[in-house]
Amino acid sequence: MSSLVWFRDDLRLHDHPALYAASLRNEPLQAIYFVTPRQWEKHDLAPIKADLMERQLNQLGAELAALGIPLTVFTVDDYQLLPKVLLNFCQQQSITQLFVNRDIGEYELQRDLAVQQQCDVAKIQVQWFDARCVFAPGTVLTGSKEMFKVFTPFSNAWLKRLMAEGYQVWPKPMSRGEALNWLPVQFAYPKVDSSAWPIGEDHVLARLRDFCAEKVDAYGEQRDFPATAGTSQLSPYLALGIITVRQCLAAMQDALGQLPFERGAAGFVWLNELIWREFYQHLLVAFPHLSKHKAFKPDTEHVRWLWDETRFNAWCEGKTGYPIVDAAMRCLKQTGWMHNRLRMIVASFLTKDLHIDWRHGERYFMQQLIDGELAANNGGWQWAASTGADAAPYFRIFNPTTQGQRFDEKGIFIKQWLPELAAVPEKHIHTPRNWLTVFQPQNGYPAPIVDHSESRAIALALFQR
Ligand SMILES: Cc1cc2nc3c(=O)[nH]c(=O)nc-3n(C[C@H](O)[C@H](O)[C@H](O)COP(=O)(O)OP(=O)(O)OC[C@H]3O[C@@H](n4cnc5c(N)ncnc54)[C@H](O)[C@@H]3O)c2cc1C
């Protein structure tokens, strides 16, 4: 008789309820992980994120081995094949108990249901734990027991529960015996170097603590300026489950002395962003059609988006002639990460200025992002495209020039990513065309591919229709 912990998007030892519960049992304990290349490809897993996952899995494998817990890594093409391989392994290893943290996403839920059914037949007990969110999806509901469809009431209800119930952080498991060897694995999946992002829980937890000690207080004033390192840059680690939102709460509480329950309290704005993350995860479970890239607001499925490959490519390559959009897109392509304000600007530009279906942008982001995460990415795109769970009307359309002027006034971020604009004086940096025509006629930086006020009028007409 022995137990097995199945790791998925939870590549950590701390605050891992499934691992912790399994470690309390007085019987041999093993761990398992599945590399699923074809499934990842279908889900547009970015090669840079795959690299980060591989590095963190190897780190986790070594740390588990040091605790005497062997980790076995299987490669199976997709989720369909996975339950059978898992069952065979359990039978070969006399596993009677399987411990798993619940996943979200329609395909993942179907996979887990198939695993549960096979285990039932084979008399293997499966214990499921809720670890992704502070409160399990489906448990923060309106008075009539429905999922909230807009953020603010969800956030109020979530905060009320946090105040009443608090939260729990599970400890790292104790050693299970002699240390074992760990042989590093390599994923059979395309990879792009992610070494700019250090891995390991100790490093990431230290980064979280530093952010809470030094920056969480000023986050509200700093978070919108991409040239300033005012945000935590923890998203890749949260997406892979190297740290959890509960650990973020604990670090904030340590740094501030208490959690900021009230709007206006120090740290509240950051807490509110973490609640956005929870909101989108809860939404994905409550509305499974979101996993299939359907619009949250069904009537917006009738918007006749306009496909234009040349314009889409110009957006992807950072060649739209709008400096803030182009700098953001080039930053994404080169680093796999983009600041939140910029994500909002480029998503608004693609959907409301180029009138391209948000699903193309959502997909491109997933293919590039080191923190690509279905719930947040889908939520962010649908918010920007006005098809999502958002109280604001469809006529919220960002002006890319004034957004640049407000949030990168001196063009510091723009010049970092668009070296061809290095000589453009500050006052022309957001609309460089006229200056370039006079002073650098050979400069290849493109003229704006659309006129914003015309595009805006077209977007309004598309929605009104
Ligand atoms: C179009 C679009 C696509 C996005 N795609 C993703 C994605 O694939 N993965 C992802 O993690 N985030 C996504 N976001 C949300 C947000 O942009 C990133 O989480 C944030 O930029 C990460 O930077 P940070 O870690 O410094 O965040 P901080 O500002 O320090 O926030 C802390 C954490 O809260 C969470 N968070 C913050 N803002 C949001 C938000 N608006 N929605 C959901 N969670 C949030 C993230 O986990 C983040 O790490 C997207 C936003 C938009 C507008």
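The values are calculated or read from the model by the stated rules, or taken from the named source; none is laboratory data. In this text, all values refer to a predicted model and were calculated from it rather than measured experimentally. Virtual Cβ from ideal backbone geometry, glycine too; neighbours counted across all protein chains shown.
So here's what we get for this one:
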| read-out | value |
| --- | --- |
| Candidate set from region 330-354 (those that are surrounded by fewer than 24 Cβ atoms within 10 Å (Cβ to Cβ) and basic (K, R)); member that is nearest to the ligand (Cβ to nearest atom) | R343 |
| Region 22-51 residues that are on the phi > 0 side of the Ramachandran plot, paired with ones that are of a type in the set (S, T, Y) and assigned to a helix (DSSP H, G or I) (beta carbon under 9 Å, 6 or more apart) | D44/Y364 |
| Filter result (surrounded by fewer than 15 Cβ atoms within 10 Å (Cβ to Cβ), more than 19 Å from S348 (Cα to Cα) and of a type in the set (S, T, Y)) within region 397-446 | T437 |
| Close pairs from region 169-190: first within 9 Å of A65 (Cα to Cα), partner assigned to a loop (DSSP other than H, G, I, E, B), Cβ under 9 Å, at least 6 apart | E178/G68; A179/L67; A179/G68; L180/L67; L180/G68; L180/I69; L180/P70; W182/P70 |
| Residue within region 418-431 that is in a loop (DSSP other than H, G, I, E, B), within 25 Å of the chain's Cα centre (by Cα) and touching a residue at least 12 places away in the same chain (Cβ under 8 Å) present | no |
| Residue that is farthest from E41 (Cα to Cα), among those in region 62-85 that are in a strand (DSSP E or B) and among the hydroxyl-bearing types (S, T, Y) | T72 |
| Q233, sole failed condition from (1) of a type outside the set (D, E); (2) assigned to a helix (DSSP H, G or I); (3) near the ligand (Cβ under 10 Å from one of its atoms) | (2) |
| Residue check, E201 at pLDDT 95 or above and either away from the ligand (no atom under 14 Å from the Cβ) or over 21 Å from N340 (Cα atoms) (or both) | yes |
| Every residue from region 246-275 that is under 18 Å from G230 (Cα atoms) and within 11 Å of the ligand (Cβ to nearest atom) | C248, M252, V269, W270, L271, N272, E273, L274 |
| Yes/no for L369 being more than 7 Å from the ligand (Cβ to nearest atom) and among the aliphatic types (A, V, I, L, M) | no |
| Residue selected from region 78-102 under the condition charged (D, E, K, R) and modelled with pLDDT of 95 or more, by the criterion nearest to the chain's Cα centre (by Cα) | R102 |
| First in region 340-352 and outside the structural domain of A229 (by TED's automatic domain parsing), second anywhere and among the polar types (S, T, N, Q), Cβ under 6 Å, 6 or more apart | I345/Q403 |
| Residues within region 383-404 that are touching a His at 6+ places or on another chain (Cβ under 7 Å) and of a type in the set (V, I, T), tallied | 1 |
| Yes/no for Q39 being at pLDDT 95 or above, of a type outside the set (D, E) and surrounded by fewer than 20 Cβ atoms within 10 Å (Cβ to Cβ) | no |
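One line per residue, one yes/no per condition, for (1) out of contact with any His (no Cβ under 7 Å at 6 or more places or on another chain); (2) among the basic types (K, R):
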site	(1), (2)
G321	yes, no
N340	yes, no
D353	no, no
F365	yes, no
W381	yes, no
R406	yes, yes
E409	yes, no
K415	yes, yes
L418	yes, no
